[in-house]
Amino acid sequence: MGVGNEEVKILAIESSCDETAAAVVRNGREVLSNVIYSQIDLHTVYGGVVPEIASRKHIEKINQVIEEALSQAGMKLEEMDAIAVTYGPGLVGALLVGVSAAKAISFATGIPLIGVHHIEGHISANFIENKDLEPPFICLVASGGHSHLVVVKGYGEYEIIGRTRDDAAGEAFDKVARAIGLGYPGGPKIDRVAKEGNADAIHFPRAKVDENEYDFSFSGLKSAVLNYLNGCQMKGEEVPVADVAASFQKAVVEVLVEHSLHAVEAYGLRKFAIAGGVASNSSLRAAFDAECAKRGIAFFHPSPIYCTDNAAMIGAAAYYEYRKGIRSGYDLNAVPNLKLGER
């Protein structure tokens, strides 16, 4: 059963938010299939993810995506060495669908079950395309629900050194996009519109958190944007949407880059990676590219498909748990507020 040099094939399931996903991953770094059913169109109407709709859609799609993942990999369920599934953090109803499916498959087949932390999955997405990347390194996880600065000490060994005090970076993107009339999902829309704007047109604040130099705070920035928009309305001026998007994005990018690279220098690690939905932002990637090159730091980032929620990253994380002998029981449950490093 996949020890030493033998192949380890993992069927992975991810359903923490509004993507129903399944993948087959070999030896943690080779993706044999990666199937994602996205619900974005369903939730766009509401301006954000509606948990009940997400859960119902997961129930409809979960078996299909699992079958499709096995089919694309050209493999049968009984060839799998483990079933991996995200069990937190995320929306509790959405998580329960994936966890229930994984437990049922494991129970019916006797294939071992491995519960995976969603953020650990995002970090592990970097192992898929960067075959030579090994810990230790610093990773910035920036997504709709999370902004974490993490020292990856080893496979499955993490120390969180910075986190958001309020809004996550992706959450700020969504809220600002809604306020300037771009709609949901905010990140990709602001990224696109910002290319047409002047990033120096409006100066928005960059927050510092006194107690921890690595922590983030984006609520003040969001409030500053809303105040600017209210000012335009009161004066009867037209909102320069592209300039607001570009100036807001620049403020977020500068804070993320400054805090991250300060950590890389302070910890003496010359390897830095990004992960999570915001990691696919073109402005953020370009800024890290330039700054890391300037300082001689190796910069790693997953392709955009592995930045958003997907099951391949869960399979990558599960492989290293599998090698350590970590298995989950049938009492595995959804833990919506699961902290990184907890089991």
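Before moving on, here are some points about what is shown:
- Counted residue by residue at 0.36 nm each, then reduced by the alpha carbon distance between them, the extension gain from D166 to E213 reaches 15.4 nm.
- Value at 222 nm in deg cm²/dmol, rounded to 500, when DSSP H runs of n ≥ 4 in the chain each add -39,500 (n - 2.57): -14000 deg cm²/dmol
- Ranked list, fewest to most other Cβ atoms within 10 Å of each Cβ, for M234, M80: M234, M80
- Each DSSP beta bridge with both residues in the chain is either parallel or antiparallel, and the antiparallel ones are about 60%.
- Cα lying deepest toward the dipole's positive end in region 135-302, options V241, A199, P302, charges on Cβ: P302
- Region 1-122 shape via C-alpha gyration tensor axes, a/c threshold 1.5: prolate
- Ordering of 127-133, 165-171 by packing [mean C-beta count within 10 Å, highest first]: 165-171, 127-133
- Backbone N atoms of region 124-168 closer than 13 Å to the 7 Å Cα→Cβ label point of R295 belong to residues 138-140.
- Degrees between helix 169-179 axis and first principal axis of the chain (Cα, 0 to 90, nearest 10): 50 degrees
- Sequence-separation-based contact order of the chain, relative, with Cα cut under 8 Å and 6+ spacing, percent: 24 percent
- Net charge, R285 excluded, C-beta distance under 12 Å - Lys, Arg +1, Asp, Glu -1: -3
- Annotation note: trypsin sites (Lys or Arg not before Pro) in region 13-116 located in DSSP loop regions with a Cβ neighbour count of at most 14 within 10 Å are K76.
- Given K189/K294; K189/K235; K76/K153; K131/K208; K9/K175; K208/K294, the pairs whose alpha carbons are separated by over 31 Å: K76/K153; K131/K208; K9/K175
- Radius, Kirkwood style, for the chain when every pair of distinct Cα atoms is counted (Å): 20.5 Å
- The charge dipole of the chain, taken about its Cα centre with unit charges on the Cβ of Lys, Arg, Asp and Glu (plus for the first two, minus for the last two), comes to roughly 100 debye.
- At q = 0.13, 0.14 Å⁻¹ the log10 of I(q)/I(0) for region 135-302 amounts to -0.60, -0.69, computed by Debye summation with a single uniform scatterer per C-alpha, solvent ignored.
- Contact order normalised by residue count of region 135-302, Cα under 8 Å, 6+ apart, percent: 27 percent
- Residue exposure sequence - S280, S38 - by fewest surrounding Cβ within 10 Å: S38, S280
- Each Lys and Arg adds +1 at its Cβ and each Asp and Glu adds -1 at its Cβ; summed about the Cα centre, region 135-302 shows a dipole of about 300 debye.
- V241, V225 arranged by Cβ crowding within 10 Å, fewest neighbours leading: V241, V225
- Those chymotrypsin sites (Phe, Trp or Tyr not before Pro) in region 17-93 that DSSP places in a loop and that have at most 15 other beta carbons within 10 Å: Y46
- Rounded to 5, the percent of DSSP beta bridges in region 135-302 classed as antiparallel: 60 percent
- Restriction of the GluC sites (Glu not before Pro) in region 281-343 to DSSP coil positions whose beta-carbon has at most 16 other beta-carbons within 10 angstrom yields E342.
We did not get these values from a lab; they are worked out from the coordinates using the rules stated. Since we're looking at a predicted model, the values are computed, not measured. Reconstructed Cβ throughout: ideal geometry from the backbone, glycine too, with neighbour counts over all protein chains shown.
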